[in-house]
Amino acid sequence: MTQTQPIPQQIWPDDLAARYRQRGYWRGETFGQMLRDRAARHPDRLAVVDGANRWTYADLLARAESAAGGYLTLGLRPGDRVLVQIPNIAPFFPAVFGLFLAGLIPVYALPAHRQTELIHFAARSGAKAMVIADRHEGFDYRPLADLVRAEAPGIAHVVVIGEPGGGHVPFDSLQAGPGLPQVDPSSVAFLQISGGSTGLSKLIPRTHDDYIYSFRESARICGLTGDSVYLCALPVAHNFPMSSPGVFGALHAGARVVMAPNPAAETAFSLIAREGVTITGVVPPVALLWMAAAAKTPHDLSSLQVLQVGGAKFIPEAAARVRPTLGCTLQQVFGMAEGLVNYTRLDDPEEIVTGTQGRPISPDDELLILDDNGDPVPEGEPGHLLTRGPYTIRAYHNDPSANARSFTPDGFYRTGDIVKRLPGGYLVVQGRAGDHINRAGEKISAEEIEDHLLAHPAVFDAAVVSIPDEFLGERSCAFVIAAEGASPRAPELKAFMRGRGVADFKVPDQVVFVPEFQTTAVGKISRNVLRAELRSRYLKETT
Ligand code: OOB
């Protein structure tokens, strides 16, 4: 495996870039400057809190500067990529701001990712190091990092927050060095992971300019001030809790970030009460659990002003129950790691807040809603959503075939979502054109799971589809044809997938064995047609 991969970049056409600057969206600010500025303005204000730490803005900057110097002393150079797998703990911030200050590029993995995914991210990005936490919620990340390093020889260092273990660099040993580089605000700040509708996840390059615009404006739309307290309940590496307005929007506003180790109602409610949390964001299944738990909780939730719900469709009936049960304003968020984010506004009428997924952040978000032939649909009719704008990427990193599929020649991103637009520009998400499963906000590629199942010797063929699920929104169902003479069982296939080192949320929720894939289509049919047929047959037979 060669490790020389291009430095990530993201390029908008000159005329659009000039417009985005002239309109004040892109202000030439970097993450590093943002933290320095906030630490200078209010050094003693609390910035980040978790179960073990309470750090002011000055503490955070000092720790980030030590980390930045330490990374460079290890031999890393500006532009190098660093795989980051850190759960919701305060040290996430010095670790990643340290990377930003050193001009290094974090590649954000989720805590749920395992070696198969991590090795792919390392190879695709050409990562030179990893930063991890020792353990979290009962899982030890150090042996996992060793497995990754063994397969991705470009990774020269594993930096560990907590107890380092053999051959690793303790995060706390990193020391400020002689000087930090100038960082170009139009350069790529980090790579995020796409949910991915086909095959393996793609890497999403976001620049300082474009990302800071998205969370600065999000913070304004969500009413954040220096007195706000944001609870990070979802995994911080997700775009939603990271930037909508998320932890970075909160820090931009000079607010306080509270890190929840998990989104369970008991964990979140006790933090809301203890820290006076004013705003947080969750996926629909978490919102359902919180609404059910609210009536019996001993915790005082009265500080909570806004509950954001996004990542998957929140049905209007559930949306209408947020205020009566939790006593706060609901904000629906429909976004994507590739860019575009839509919000219902805090003062929107009830029917907009409960019945739509909001409208875009920016007046320069260009949205097209097209029929199957690529023609605009009449206003109010459903169609394919395409978008481009000042914080939506124009290309994935190092992935020409995905780029050819996902972007039009004039730079619109094909979201794969089917939406309709109401007067006022509000969107209602109707469904999806692609073949991924949106399982409680985690996006799972059917093709990726099928490829794992096909690697099992007792599997002749497999097709993975989404099935509606009352709680998860969607669950995954694998239809499997056993190989001749074999009779595999569901637990065996699930254990096999876990053994291949993939995130647990990708293991099929349900496995249905079928003798063959009957299909009405003639000849060699596409996987999409097959999946659609299996899904509708299953739904007909079970309802
Ligand atoms: C967020 O980002 P991703 O990249 O994990 O997933 C994006 C996809 C969208 O294309 C759409 O299919 C789905 O997730 N989605 C929603 C939704 N929000 C996202 N579908 C229906 N209703 C919603 N409210 O999921 C994400 C990124 C930033 C903010 C919020 C969510």
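Please report the relative contact order for the chain, taking Cα pairs under 8 Å with a sequence separation of at least 6, and give it as a percent rounded to a whole number. So the answer I get is 12 percent.
At 7 Å along Cα-to-Cβ for each site, give me the label-to-label distance between Arg405 and Glu379 in nm. My value for the distance between the label points is 3.5 nm. Overall shape: oblate for the stretch 201-274, with the ratio a/c of the largest to smallest alpha carbon gyration tensor axis at 1.5 or above and b/c at least equal to a/b. Each peptide among 279-290, 240-251, 6-17 gets the average number of other Cβ atoms lying within 10 Å of its residues, and from highest to lowest they stand as 240-251, 279-290, 6-17.
Full extension of the chain between Leu370 and Asp44 gives 112.3 nm of extra length, using 0.36 nm per residue less the Cα-Cα distance. Taking each residue as 0.36 nm, the span from Asp347 to Ala156 lengthens on full extension beyond its C-alpha to C-alpha distance by 63.7 nm. DSSP finds beta bridges in the stretch 201-433, and of those with both partners inside it, around 60 percent are antiparallel.
Just for the stretch 31-183, what percent of DSSP beta bridges are antiparallel, to the closest 5?
About 25 percent, rounded to the nearest 5.
Thr356 sits among other residues whose Cβ lies under 13 Å from its own Cβ, and their net charge, with Lys and Arg +1 and Asp and Glu -1, is +2. Per residue, the stretch 380-436 exposes an accessible area of 38 Å² to a 1.4 Å probe, with every protein chain left in place. Enter the Cα centre distance for the pair the stretch 85-130 and the stretch 320-345, rounded to the nearest angstrom. If you average the Cα positions of each part, the centres end up 28 Å apart.
Considering only the chain, what is the antiparallel percent among its DSSP beta bridges, to the nearest 5?
About 55 percent, rounded to the nearest 5.
Put simply, the C-alpha atoms of the stretch 436-541 give a gyration tensor, and the ellipsoid matching it has half-axes of 20, 19, 12 Å, longest first. A Cβ-based charge dipole, computed about the Cα centre of the chain with Lys and Arg at +1 and Asp and Glu at -1, lands at about 560 debye.
Taking label points 7 Å from Cα along the Cα-to-Cβ direction, Ile315 and Asn528 give a separation of 2.7 nm. With the alpha-carbon atoms of the chain aligned to their principal axes, the span from lowest to highest coordinate is 67, 56, 55 Å, starting with the largest.
Computed from the C-beta positions of Ala58 and Glu484 and an R0 of 51 Å, the FRET efficiency is 0.15 to the nearest 0.05.
For the chain, the 222 nm mean residue ellipticity estimated from helices alone, with every DSSP H stretch of n ≥ 4 adding -39500 (n - 2.57) and the total spread over all residues, rounds to -9500 deg cm²/dmol. Computed extension length for Ser302-Gln510: 70.9 nm, one decimal, from 0.36 nm per residue of separation with the Cα-Cα distance subtracted. Between Arg77 and Arg274, the C-beta separation translates, for a Förster distance of 45 Å, into a calculated FRET efficiency of about 0.60.
The values are calculated or read from the model by the stated rules, or taken from the named source; none is laboratory data. Small disclaimer: the values here were computed from a predicted structure and weren't measured. Note that we place each Cβ from the backbone using ideal geometry, even for glycine, and neighbour counts take in every protein chain shown. Heavy atoms of the whole protein, side chains included, go into the accessibility calculation; ligands, DNA and RNA do not. Shrake-Rupley method; radii C 1.70, N 1.55, O 1.52, S 1.80 Å.
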